[in-house]
Amino acid sequence: MKQLLFFLITFAAWTSSLSAQDSNSVRSRESFDAAWSFSLGDSKGVEVPGFDDSRWRQLDLPHDWSVEAGFDPDAPAGAPGGYLPAGIGWYRKAFTVPEDLKGRQVFVEFDGIYMNGEVWINGHHLGKRPYGYIGVEYDLTPHLNYGGNNVIAVRVDDLKQPSARWYGGAGVYRHVWLKHTAPIHVGHWGTYLTTPEVTDESATVAIVTTIENSSKSEQEILVRQEILSAEGKVLARTESHLALKGEKTTGTEQKMILPHPKLWSPDAPNLYTVRTSILSGETLLDQYDSPLGVRTLRFDKNEGMFLNGEHIIMRGTCNHQDLGPLGTALWDEALRRRLVMLKEMGCNALRTAHYPHSPEFMHMADELGFLVIDETFDEWRRGWNFKDGQLVSSPDDRGKARNGYNRYFTEWHRRDLIDHFKRDRNHPCVVMWSIANEVPEAQKFGELETVKELVALARQMDPTRPITAGINHIHTANETGFLDFLDIVGYNGGGGSCFLYEEDHKRFPERTIYASEVPHSLQTRGEYRTNTNYRERKHAIPNLSEEEVFPGTDAWYESSYDNAGVRINARDSWHLTKTLPYVLGEFRWTGFDYIGESGGWPRVLGNFGIIDLCNFPKDTYFFYQSQWTEKPMVHLLPHWNWPGMEGKTIPVHAYTTAEEAELFLNGESLGTRTFKEKNPYLLEWMVPYEKGELKAVARTGGEVIATTIIRTAGPAAQFKFEADQEELDPSASELSYLTLRIEDADGNFQPKGERWVTLNVSGPARILGVHNGDPMSHQPFQSDTVRTFNGLARVIIASTPGKDVVRKNEKREAGEIVVKASVRGLGSQELRLKRTSEGLADSVFKPVKRAPRATDVYDTGVPPVD
């Protein structure tokens, strides 16, 4: 895939460091993901180094054990957790630390453990972190066995369910890092960059650096700051001397002037690097890199949002962090694929609903050019009650999820918010901090002390960005005083808030607003109804026909005509955002389908996405592309396979960036449509069905800019099997997404094609996940079979590291991966991929090898049965 390299903004983030794999290097930070042992279930004494884990499963992190199991209608997580199991699990890893690292500081950093992650090193308890979305660093130095074996153990407790209102996964599901530094070093998340003054000629870059001295002695040091261009050229430098006390942390403030800055924006995310060096005399003690972007932001209560002096509308989506068939286990390439799809749709903004997403997510948002509303909490202490037909706050602290974060909020909220801000406040992409989502505290019988505390703390951590929250039932929150504490008010759709923009703008003229979670439209790929299906019927739009044209559509599937959802559809929501200048933008719920929050069995997925769980776009994706890009395009819906419906009138819709489109059925023109004030977002024809070819020709200024054709397909006669990436490097965790597509004998897509596919992989690779986008599919994600749904299915392949031994009967070369797909009645096909390396990176911290067992698997997703 193309690596879109963009970046920047007024702050800097995703702190990186030298990657040297040398115990004598200034700073080393290396992946600690490989070669862990795992056991599902709880045992005593697991943290003790001598515990026998020889019968445990071996795997690499990140890891989500819940996604490996089957769906169960009786699972305690229920609909919120996608009917998948949770539980308690243990991870252990044995490793050596070189003798020559004595005198240096050694740290382990977990980017995310869901949830209640508890860590030991050599039997010493290091700490526990309940919140599953915040990373934590532990100092291993006092407890290490230098020159010998060491054992780190992690207990994950996700037993009590539901622990969230969505699927949270379970396990050490983000990356783990091991680093070593000199005793004097930049602290964890130890830089804070701002650009208080920006002009065309220069930008003032202010740097606050936190320096830790772990030694007992006082020392004079030199702190050097440099701004580097993308090519590595030094553009600015400043130095200052600092006296450090022993075993103390010291802060220092410095400034530099960057000449003629290239500004960061979604269209041009330019990147600089701030390099912090600590020297004692001529000796370099530490070096720490932070990305820097330069931009200006202005939020106007009447005119909207301005980035670098130019008006911009946030065209955004809310997204949960699961990666579909991979669960919450973070595969960087899978995440990047998703963000690139959104970018190609014209999306320029993301809301991290409803918790901090991974460091990699933030880094990619910087690079690709997304404006981010960075959210910390979904719930505080209170839960929901109904009183006199109105949603109000509960009087007690029972929370929104039965066993959710509310149990830990009082003890942990300050540290979690502080750590979140420290981790992300340098990120170019972050434009607002969101401290809450739909908290009952904002409503009647709620309380104001918590919002006061969090806003004050947020301003202390970063006074440069506005504070917001996503609020539902705005009409009642307007009366409590809660919203007065926010800099910018996010309007979630709940309670009809999406219909109050104009009224509230007049009523509260000092308020700045945006649509933080609107619309909540639903759609199932390849399914259609002409009758509107809104949860809140009082807001329903007119039906597309007097009688339902597609009565056979399953009740659990949602229509792709943009006529299904909660209270407002994609077109009407975008119309409000586009035409009301004081609305900063909108963040639709959601970009992708996600596991959980399904609405009840048999559905196991949230079907709100404009892209399905497998990364197949739905029709609404093309609506947004027609509005959010200038790409020449035209898209037709529905498909044109309706046997037995000959002569029945079917609404045919087109989304296009052109001024007009002409529709042809079997070569005969059905007329040209242009956009009208009454319906400025789609073109419509009412077409009596007859099989054959539908063609749309889109024109601007009389010139054809795009054409699309859909044809009636015959019976399924063949299938297409394709890979989006043919070379895989396991050291880079590269993936290949394989597509299975059912076709007729002439190669036409069969939109109702449903076939079971059997898969076989030979060579250094494994199947990570399979799915078809069906929200009612109960097939396990990790399987060697998959059923196509509405003509499509997805298989995700990863290469495995280590030496590749080719058996005598295998018809392949060393390093070659052969994936065979067999469909009964349609034959078999093979894809040949190539592993480009053995993927065995050198490391200062050597894993301790254990004797292999016959039941060992390399993370196939199926733990060995003892």
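The values are calculated or read from the model by the stated rules, or taken from the named source; none is laboratory data. Since we're looking at a predicted model, the values are computed, not measured. Reconstructed Cβ throughout: ideal geometry from the backbone, glycine too, with neighbour counts over all protein chains shown. Ligands, DNA and RNA are excluded from the accessible area calculation, which covers all protein heavy atoms including side chains. Shrake-Rupley method; radii C 1.70, N 1.55, O 1.52, S 1.80 Å.
Between the helical axis of 359-368 and the longest alpha-carbon principal axis of the chain there is an angle of about 60 degrees.
Descending by average beta-carbon neighbour count within 10 Å, the peptides 792-800, 623-631, 42-50 line up as 792-800, 623-631, 42-50, the highest first. Solvent exposure of segment 424-569 amounts to 34 Å² per residue of accessible area, where only protein heavy atoms count and the probe is 1.4 Å. Between Glu201 and Ser240, the FRET efficiency from the beta-carbon distance, with R0 = 25 Å, is close to 0.50. Amide H to amide H, with H built 1.01 Å from N, Leu584 comes under 5 Å of Ile513, Tyr514, Ala515, counting only residues 5 or more places away or on other chains.
With a ≥ b ≥ c the root eigenvalues of the C-alpha gyration tensor of segment 195-320, is it rounded (a/c under 1.5), prolate (a/b larger than b/c) or oblate? Cα axes put segment 195-320 in the prolate bin.
Surface exposure of segment 171-290, expressed per residue as accessible area with a 1.4 Å probe, stands at 44 Å².
Compared with the alpha-carbon gap, the fully stretched path from Glu411 to Glu479 is longer by 21.6 nm at 0.36 nm per residue.
FRET efficiency for the pair Ile418 and Lys160, taken as 1/(1 + (r/R0)^6) with r the Cβ-Cβ distance and R0 = 30 Å, rounds to 0.70.
Karplus-derived 3J(HN,Hα) values for segment 280-289, using 6.51 cos²θ - 1.76 cosθ + 1.60 with θ = phi - 60°, are 10, x, 9, 8, 7, 8, 7, 9, 9, 9 Hz; glycine and proline are entered as x. Extension gain for the segment Ser215 to Lys811, taken as residue separation times 0.36 nm less the Cα-Cα distance, is 208.6 nm to one decimal. Apolar share of the accessible surface for the chain: 48 percent from carbon plus sulfur atoms, 1.4 Å probe. 3J(HN,Hα) along segment 142-154, derived from phi through the Karplus expression 6.51 cos²θ - 1.76 cosθ + 1.60 where θ = phi - 60°, amounts to x, 10, 8, 9, 6, x, x, 7, 9, 10, 9, 10, 10 Hz, with x in place of Gly and Pro.
Relative to the first principal axis of the alpha-carbon coordinates of the chain, what is the inclination of helix 570-579, with its axis defined by its Cα atoms, in degrees from 0 to 90 and to the nearest 10? Orientation of helix 570-579: about 70 degrees from the principal axis. Take every DSSP beta bridge whose two residues both sit in segment 359-451; close to 50 percent of them are antiparallel.
Could you tell me how far the Cα centroid of segment 196-247 sits from the Cα centroid of segment 658-712, in Å? Cα centroid to Cα centroid, the span is 60 Å.
If the chain linking Ala230 and Ser837 were pulled fully straight, counting 0.36 nm for each residue of separation and taking away their Cα-Cα distance, it would gain 215.7 nm.
Accessible surface for Lys387 stands near 100 Å², nearest 10, in the context of the full protein assembly shown (1.4 Å probe). Relative to the longest principal axis of the C-alpha atoms of the chain, give the angle of the C-alpha long axis of helix 409-424, reported between 0 and 90° and rounded to the nearest 10°. The answer is roughly 90 degrees. With both labels modelled 7 Å from their Cα along Cα-to-Cβ, the Asn666 to Gln390 distance reads 6.1 nm. The structure-derived value of semi-axes √(5λ) of the Cα gyration tensor in Å appears in the list [x] 44, 35, 27; [y] 73, 39, 32; [z] 51, 41, 25 under the label [x].
Each residue was assigned an accessible area with a 1.4 Å probe, and for Leu326 the value is about 10 Å². Per residue, the accessible area of segment 639-683 comes to 48 Å², computed with a 1.4 Å probe over protein heavy atoms only. The relative contact order of the chain comes to 11 percent, based on Cα pairs under 8 Å that sit 6 or more residues apart. Among Lys93, Lys400, the order of accessible area from largest down is Lys400, Lys93, computed with a 1.4 Å probe on protein heavy atoms.
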